[in-house]
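The values are calculated or read from the model by the stated rules, or taken from the named source; none is laboratory data. As the structure is a prediction and not an experimental result, all values here were calculated from the model. Methodologically, a virtual Cβ is constructed for each residue, glycine included, from the backbone with ideal geometry; neighbour enumeration extends over all protein chains shown.
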Amino acid sequence: MAYATPLETRIAKKVTRAIAEYGLIEEGDRVMVGLSGGKDSWALINILDVLRRRAPIRFSLVAVTVDSGYDGYRHDLISQTCEQRGWEYRIEHTGIGEAIEDILDATATPCSLCARLRRGVLYRLATEVGATKIALGHHLDDFIETLLLNLFFAGSLKAMPARLVSDNAQHVVIRPLVYVTESEARLYAREQALPIVGCCCPACGDLSLQRQRAKRLVAELEVEHPEIKNSMIRAIGNVATRHLLDKRLNPLPELREALADGVAPLRLLRT
Ligand code: SF4
């Protein structure tokens, strides 16, 4: 069975590669897709549904929207589209937007608190719908921008994982679009006539200025070096730990030996 378009073929290959490399979806999985109605989440559920129909393994999908409660959020378009396409769907209406306003002062950046609150709701819903995996629509650009943000502003060398087991080991979060670029996700959502819905959050667009800066930087460099994004995503999967300065990765030989002998690090410092 051929894919619908060349773009769908390209995206399907990239998502299949991610699924195989990171063991993202397995036989019998029930995958809950976080569906905000943005281009990325639409691209994600559409391609997973395409792959589901062709896959040699059996897995099911359920789309879930967490409504933060902002006025004007067109969740009706999301539920209608899911119904038309035969996708199992659930929406959870919350007061996350109001809660953020109450907790944070007007100058604080709400996105990390928002993400934590939404993640909590997603975990609860995953249990309620019996999901074995939670799929999120982060794409290649999100991975490399997060790497740069942590590098430039947080003093930490980290991006995000394609597969993450939650702290309480009860949930597995997967990011099948890790090799799909933002522009591919945008084009695919449009090509598939999926209604792109804004989150209606007042912070959307003008907050997270550092992320916008990182995005611009990559775009500028890409003009001179078209392969730069591919190089960066490869780098995240090709870490030379001995060429870093983290002493936890490269302990001194004496410390390494002592640790292997079961001596507590503090005792070594005292001797
Ligand atoms: S822009 Fe708004 S909805 Fe998006 S993460 Fe930030 S606070 Fe949450």
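Can you name every one of the helices (runs of 4 or more DSSP H) wholly within the range 1-119 that holds 2 or more residues which are away from the ligand (no atom under 16 Å from the Cβ)? Explain how you work it out, then say what you get.
Numbers: elements: 6-22, 39-54, 75-85, 96-103.
Filter on the range 1-119 gives 6-22, 39-54, 75-85.
As an exercise: evaluate residue 36 against (1) of a type in the set (S, T, N, Q); (2) farther than 20 Å from residue 87 by Cα; (3) crowded, with 18+ Cβ neighbours inside 10 Å and give the number of the one condition it does not meet.
For residue 36, the exception is condition (2).
Need pairs with beta-carbon distance below 6 Å; first residue surrounded by fewer than 13 Cβ atoms within 10 Å (Cβ to Cβ) and within the range 230-256, second in a loop (DSSP other than H, G, I, E, B) and among the hydrophobic types (A, V, I, L, M, F, W, C); sequence gap 6+ or separate chains.
Taking only residues 6 or more apart or on different chains, the pairs are 241/249.
Residues are listed down the side, and each one gets a yes or a no for (1) at pLDDT 95 or above; (2) within 25 Å of residue 18 (Cβ to Cβ); (3) outside the structural domain of residue 172 (by TED's automatic domain parsing):
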| site | (1), (2), (3) |
| --- | --- |
| 77 | yes, no, no |
| 86 | yes, yes, no |
| 99 | no, no, no |
| 110 | no, no, no |
| 137 | yes, yes, no |
| 140 | yes, yes, no |
| 151 | yes, yes, no |
| 160 | yes, yes, no |
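Just a yes or no: is a residue in the range 138-158 in contact with a Leu (Cβ under 8 Å, 6 or more places away or on another chain), closer than 25 Å to residue 234 by Cβ and within 13 Å of the ligand (Cβ to nearest atom)?
Looking for residues that are in contact with a Leu (Cβ under 8 Å, 6 or more places away or on another chain), closer than 25 Å to residue 234 by Cβ and within 13 Å of the ligand (Cβ to nearest atom), one finds at least one in the range 138-158, hence yes.
For residue 196, work out the one condition from (1) assigned to a helix (DSSP H, G or I); (2) modelled with pLDDT of 95 or more it doesn't fulfil.
Failing condition for residue 196: (1).
Residue-by-condition table, conditions (1) within 16 Å of the ligand (Cβ to nearest atom); (2) modelled with pLDDT of 90 or more; (3) in a loop (DSSP other than H, G, I, E, B); (4) touching a Cys at 6+ places or on another chain (Cβ under 7 Å):
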residue: 219; (1), (2), (3), (4): no, yes, no, no
residue: 223; (1), (2), (3), (4): no, yes, no, no
residue: 249; (1), (2), (3), (4): no, yes, yes, no
residue: 269; (1), (2), (3), (4): no, no, no, no
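Pick from the range 171-205 the residues that are touching a residue at least 24 places away in the same chain (Cβ under 8 Å) and within 15 Å of the ligand (Cβ to nearest atom): which of them is surrounded by the most Cβ atoms within 10 Å (Cβ to Cβ)?
Looking at the filtered set, the residue picked out is 197.
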